[in-house]
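Visitor: First, the structure itself, so that you have it in front of you.
The values are calculated or read from the model by the stated rules, or taken from the named source; none is laboratory data. Computed from a prediction, not measured in an experiment: that's the story for all the values here. Because the Cβ atoms are built from the backbone with ideal geometry, glycine has one as well, and the counts that use them run over all protein chains shown.
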Ligand code: NAP
Ligand code: GDD
């Protein structure tokens with residue numbers, strides 16, 4: 001039985017990846033940090049909270065990582081832990097860098113020194129591109145131009161991952177994932193903020209949603225589809241970096257229209273107010289990925305469409321709120 005260690009197991013992707021690997025008959029270990037109220041609700045939502053083995057640790061504490069790696073001796077390590085909210089990264093740039101940047105380096109160092117045969121997956125991001133594009137798209141050859149402390153911390157981790165592969169011959173892969181969402185997406189992210197807000201408005205529990213820049217465009221996919229790509233990257237002969245995306249871009253306005261129309265509301269703009277607090281000091285205007293490399297080499301393709309994804313999220317929030 002293969003063993004996988006997932007950092008960030010309590011987050012959205014950690015939960016979907018754990019479920020995916022359990023179904024592939026892996027023994028799954030999850031690194032969890034000491035916080036006052038530990039939250040296993042994502043794992044519970046997917047029905048797997050009691051199927052994962054938890055190990056205490058924090059990405060910023062190398063001693064805890066050494067303990068985890070030496071005890072588990074994993075075949076595969078998926079580094080998903082992060083301060084993952086871009087907006088917060090301007091308010092907490094040091095914490096963001098400590099966790100996302102230096103934390104990744106500590107984990108790589110630990111694997112190199114204590115269990116170098118482990119294959120390593122790094123959760124890189126389309127944020128690293130900033131507003132840079134090649135013929136209107138971003139792919140593996142598009143130059144990086146990060147525009148937030150979050151993106152910069154992730155770029156550091158990206159190059160460290162490449163460097164450990166090139167310097168020490170370790171199996172280290174970066175998944176450059178574009179935005180991906182689900183019913184267990186954190187409520188501060190715009191898709192879930194909208195699905196939750198629309199469900200509340202429909203049920204008479206709220207009257208408006210306060211948002212920032214409605215003109216931003218993103219390439220949004222389903223987290224359940226994207227975790228398969230993470231796993232596929234570690235099943236290759238050679239480690240490499242892959243863009244994972246749908247290739248379709250939509251604006252926040254389109255997102256709002258689909259979500260509201262799904263509950264029978266056409267005049268959605270009267271429920272929206274613009275709050276400058278939700279605008280970013282430096283914005284990424286549009287992201288559209290090109291997934292040709294992933295399609296050709298990994299045989300990976302997204303399954304759920306944007307419209308299906310948003311409807312699924314609204315339905316899940318309606319269900320949750322009714323309970
Ligand atoms: P998420 O829901 O915010 O989950 C983040 C996870 O990291 C949580 O389990 C959190 O644990 C853990 N964590 C935070 N700080 C930690 C620390 N110091 N030590 C150990 N664990 C820590 O994020 P996600 O959406 O699942 O994303 C997973 C990864 O993919 C992240 O690295 C993110 O930056 C990256 N990514 C995400 C997307 C996307 O669209 N979702 C796209 C590209 C890349 P607690 O429960 O203790 O807070
Ligand atoms: N969160 C949020 N809240 N975003 C808003 C709001 C609002 O009220 N109003 C407009 N937006 C816009 C943001 O300015 C941004 O352009 C877009 O909606 C998406 O914001 P988020 O959902 O917060 O995601 P993100 O694109 O900044 O970051 C996510 O995707 C990255 C991959 O591209 C995160 O998951 C990152 O961790 C990930 O790396």
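Visitor: When the residues of the range 186-196 are narrowed to those that are under 20 Å from residue 248 (Cα atoms) and within 16 Å of the chain's Cα centre (by Cα), which ends up nearest to ligand 1 (Cβ to nearest atom)?
Guide: 189
Listed here are the residues, each with its yes/no results for (1) assigned by TED's automatic domain parsing to the domain that holds residue 212; (2) at pLDDT 95 or above; (3) over 19 Å from the mean Cα position of the chain (by Cα).
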position	(1), (2), (3)
225	no, yes, no
230	no, yes, no
237	no, yes, yes
252	yes, yes, no
265	yes, yes, yes
270	yes, yes, yes
286	yes, no, no
290	yes, yes, no
307	yes, yes, yes
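Visitor: (1) surrounded by fewer than 19 Cβ atoms within 10 Å (Cβ to Cβ); (2) part of a loop (DSSP other than H, G, I, E, B); (3) in contact with a helix residue (DSSP H, G or I) (Cβ under 8 Å, 6 or more places away or on another chain): which one isn't true of residue 70, the others all being true?
Guide: Going through (1) surrounded by fewer than 19 Cβ atoms within 10 Å (Cβ to Cβ); (2) part of a loop (DSSP other than H, G, I, E, B); (3) in contact with a helix residue (DSSP H, G or I) (Cβ under 8 Å, 6 or more places away or on another chain) one by one, residue 70 breaks only (2).
Visitor: I need a count of the residues in the range 197-222 that are away from ligand 1 (no atom under 14 Å from the Cβ), over 14 Å from residue 288 (Cα atoms) and either assigned to a strand (DSSP E or B) or free of Cβ contacts under 8 Å to residues at least 12 places away in the same chain (or both).
Guide: Summing the residues that are away from ligand 1 (no atom under 14 Å from the Cβ), over 14 Å from residue 288 (Cα atoms) and either assigned to a strand (DSSP E or B) or free of Cβ contacts under 8 Å to residues at least 12 places away in the same chain (or both) in the range 197-222 gives 5.
Visitor: Keeping to the range 235-261, report how many residues are surrounded by 20 or more Cβ atoms within 10 Å (Cβ to Cβ) and over 14 Å from residue 191 (Cα atoms).
Guide: Number of matching residues: 6.
Visitor: Which condition does residue 175 not pass, out of (1) more than 15 Å from ligand 2 (Cβ to nearest atom); (2) outside any helix (DSSP H, G or I); (3) in contact with a strand residue (DSSP E or B) (Cβ under 6 Å, 6 or more places away or on another chain), if it passes all the others?
Guide: (1)
Visitor: Condition first: under 16 Å from the mean Cα position of the chain (by Cα) and closer than 24 Å to residue 227 by Cα. Now tell me which residues in the range 88-105 satisfy that.
Guide: Answer for the range 88-105, where residues must be under 16 Å from the mean Cα position of the chain (by Cα) and closer than 24 Å to residue 227 by Cα: 96, 99, 100, 101, 104.
Visitor: Kindly provide the set of residues from the range 59-85 that are touching a strand residue (DSSP E or B) at 6+ places or on another chain (Cβ under 9 Å), within 14 Å of ligand 1 (Cβ to nearest atom) and free of Cβ contacts under 8 Å to residues at least 60 places away in the same chain, ordered by number.
Guide: 59, 64, 65, 67
Visitor: Another one. Whether any residue in the range 275-291 is in a helix (DSSP H, G or I), touching a helix residue (DSSP H, G or I) at 6+ places or on another chain (Cβ under 8 Å) and surrounded by fewer than 19 Cβ atoms within 10 Å (Cβ to Cβ) is what I want to check.
Guide: no
Visitor: Could we say that residue 281 is in the same structural domain as residue 206 (by TED's automatic domain parsing) and more than 30 Å from residue 171 (Cα to Cα) here?
Guide: Considered against the rule, which asks whether it is in the same structural domain as residue 206 (by TED's automatic domain parsing) and more than 30 Å from residue 171 (Cα to Cα), residue 281 comes out as yes.
Visitor: Working carefully through the options 98, 140, find the one that is in contact (Cβ under 8 Å) with a residue 24 or more places away in the chain, within 16 Å of ligand 1 (Cβ to nearest atom), not in a helix (DSSP H, G or I) and not assigned by TED's automatic domain parsing to the domain that holds residue 281.
Guide: 140
Visitor: Also, I was wondering about something else. Any chance the range 119-128 includes a residue that's over 22 Å from residue 17 (Cα atoms) and modelled with pLDDT of 95 or more?
Guide: yes
Visitor: Related question: Sort out which residues of the range 2-25 are over 17 Å from the mean Cα position of the chain (by Cα) and crowded, with 20+ Cβ neighbours inside 10 Å, and write them in order of number.
Guide: If the condition is that a residue be over 17 Å from the mean Cα position of the chain (by Cα) and crowded, with 20+ Cβ neighbours inside 10 Å, then 4 is the only one that fits.
Visitor: Considering each of 176, 258, 194 in turn, give the residue that is in the same structural domain as residue 14 (by TED's automatic domain parsing), in contact (Cβ under 8 Å) with a residue 40 or more places away in the chain and within 23 Å of residue 285 (Cβ to Cβ).
Guide: Answer to the check: 176.
Visitor: Looking at residue 88 and the list (1) within 11 Å of ligand 1 (Cβ to nearest atom); (2) crowded, with 20+ Cβ neighbours inside 10 Å, which single condition is not satisfied?
Guide: Unmet for residue 88, out of (1) within 11 Å of ligand 1 (Cβ to nearest atom); (2) crowded, with 20+ Cβ neighbours inside 10 Å: (2).
Visitor: Within the range 150-164, is there a residue that is touching a helix residue (DSSP H, G or I) at 6+ places or on another chain (Cβ under 6 Å), assigned to a loop (DSSP other than H, G, I, E, B) and surrounded by fewer than 21 Cβ atoms within 10 Å (Cβ to Cβ)?
Guide: Scanning the range 150-164, I find no residue that is touching a helix residue (DSSP H, G or I) at 6+ places or on another chain (Cβ under 6 Å), assigned to a loop (DSSP other than H, G, I, E, B) and surrounded by fewer than 21 Cβ atoms within 10 Å (Cβ to Cβ), so the answer is no.
Visitor: OK, next. When you check residue 161 against the structure, is it away from ligand 2 (no atom under 12 Å from the Cβ), assigned by TED's automatic domain parsing to the domain that holds residue 302 and over 21 Å from residue 312 (Cβ atoms), yes or no?
Guide: no
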